[in-house]
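Read through the structure below, which is laid out as structure tokens, and then see the notes.
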Ligand code: ARG
């Protein structure tokens with residue numbers, strides 16, 4: 001089969017060489033964007049009088065037929081035609097005759113492929129943002145039900161201070177909020193048209209780049225044709241934003257996994273988001289959370305992959321850049337899937353409030369209360385820390401907790417301690433009293449929930 005670019009060649013590459021160079025196996029995912037880009041380009045060529053209107057109509061008609069076939073999944077792509085651009089151009093020529101060959105006037109595959117990628121990511125990033133927001137809504141709903149659910153808060157995975165369980169869940173809300181902001185902000189750099197940059201130097205035809213950009217719904221055009229065809233920053237940025245999102249999901253997944261263990265038992269995942277074991281009949285595994293934790297690795301890999309591909313490439317387009325695609329497609333697929341699954345998992349999980357309650361009543365996470373109590377009565381905090389530490393040690397030796405220690409024993413360490421200490425040490429009080437801005441106090445958590453709602457409004 002002769003190549004669309006075959007004029008200066010005396011012999012063709014062997015099939016296995018074509019196979020190695022081809023991207024059609026994966027860039028066929030750009031079929032809609034490629035057709036969209038071609039429609040805009042040829043429409044602009046007509047408006048500018050570069051092509052006669054009759055030719056434009058024929059080409060638009062042919063592109064429309066290909067679009068219908070693409071929607072019905074009826075297009076048959078071939079490695080012999082290398083990539084999505086040449087496959088579609090060849091199909092167009094086969095369909096409407098040599099006039100189809102006019103489509104590529106004033107255009108190169110270099111600005112064409114960049115245009116496709118911008119169009120593709122613009123749509124997908126909007127989808128990602130939508131799913132993040134959906135997940136945030138679910139988190140908010142769970143949090144609203146657990147403002148007064150007391151839970152142990154951790155540092156170093158050791159019991160630290162009692163918290164409102166809503167506060168813990170909402171920490172993830174704010175991470176997602178930042179993710180959403182990053183994706184939204186990046187749209188500014190995705191929403192730019194490279195179309196009309198040609199191979200890299202622009203074109204001699206009197207094209208109207210602003211027109212084709214407008215037809216495609218782009219907010220702006222690249223100012224420099226060389227930058228336009230060699231820029232892949234917007235994809236790196238997408239992979240970087242996605243890596244951070246996956247880091248957040250992975251941390252949350254780790255907590256879901258821990259909380260589901262018999263040792264914690266803080267939550268139970270719905271059967272619909274769990275799996276069994278082929279040998280151990282009792283098992284209910286948090287596979288989906290583990291998989292999300294694991295999939296963060298491939299997204300980081302995709303980011304490192306593209307950064308590495310780009311680092312040594314001279315201006316402008318180089319075939320290396322064909323390697324930008326699979327990692328991007330894979331990341332879109334992974335991130336959309338992970339967000340959907342996580343949302344469902346959190347929406348359907350059962351929070352074991354009794355277990356959280358008993359956990360927080362059988363630990364020393366209220367020790368800071370005693371130290372703060374003494375400090376509020378004028379004892380230097382460092383001294384108060386020491387006194388409390390000694391009382392904790394006494395309790396450990398006796399196998400009891402601070403609330404079980406008789407007043408007389410406490411007073412052996414400090415006479416500042418009075419009967420009211422027992423109300424101060426209650427975990428509910430410990431949470432309630434942390435009323436500093438952004439703290440876990442119930443009032444603060446309620447303020448936080450309002451702030452979160454305003455973000456979603
Ligand atoms: N398949 C190519 C890619 O994805 C399209 C651009 C090819 N341009 C070229 N001059 N070979 O990068």
Are any of the residues in the stretch 342-356 assigned to a strand (DSSP E or B) and more than 16 Å from the ligand (Cβ to nearest atom)?
yes
Every listed condition ((1) assigned to a helix (DSSP H, G or I); (2) within 16 Å of the ligand (Cβ to nearest atom); (3) closer than 25 Å to residue 204 by Cβ) holds for residue 26 save (3)
Residue by residue through the stretch 61-78, note down the ones that are within 16 Å of the ligand (Cβ to nearest atom) and buried (at least 17 other Cβ atoms within 10 Å of the Cβ).
77
Selection from the stretch 408-443 of residues that are within 37 Å of the chain's Cα centre (by Cα), in a helix (DSSP H, G or I) and touching a residue at least 60 places away in the same chain (Cβ under 8 Å)
427, 428, 430, 431, 442
(1) modelled with pLDDT under 90; (2) more than 15 Å from the ligand (Cβ to nearest atom); (3) within 23 Å of residue 321 (Cα to Cα) all hold for residue 10 apart from (3)
Just the residues that are touching a residue at least 40 places away in the same chain (Cβ under 8 Å), more than 16 Å from the ligand (Cβ to nearest atom) and either more than 21 Å from residue 71 (Cβ to Cβ) or touching a strand residue (DSSP E or B) at 6+ places or on another chain (Cβ under 7 Å) (or both), please, taken from the stretch 82-108.
99, 102, 105
Being surrounded by fewer than 15 Cβ atoms within 10 Å (Cβ to Cβ), within 16 Å of the ligand (Cβ to nearest atom), modelled with pLDDT of 95 or more and within 27 Å of residue 22 (Cα to Cα), is that true of even one residue in the stretch 292-314?
yes
Can you find a residue in the stretch 277-287 that is within 16 Å of the ligand (Cβ to nearest atom), over 30 Å from residue 139 (Cβ atoms) and part of a loop (DSSP other than H, G, I, E, B)?
no
Give the residue, chosen from 340, 325, that is touching a residue at least 24 places away in the same chain (Cβ under 8 Å) and under 23 Å from residue 82 (Cβ atoms).
325
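The values are calculated or read from the model by the stated rules, or taken from the named source; none is laboratory data. Just so we're clear, the structure is a prediction, and the values are computed from it rather than from any experiment. Heads up, the Cβs are rebuilt from the backbone with ideal geometry, glycines too, and the neighbour counts pull from every protein chain shown.
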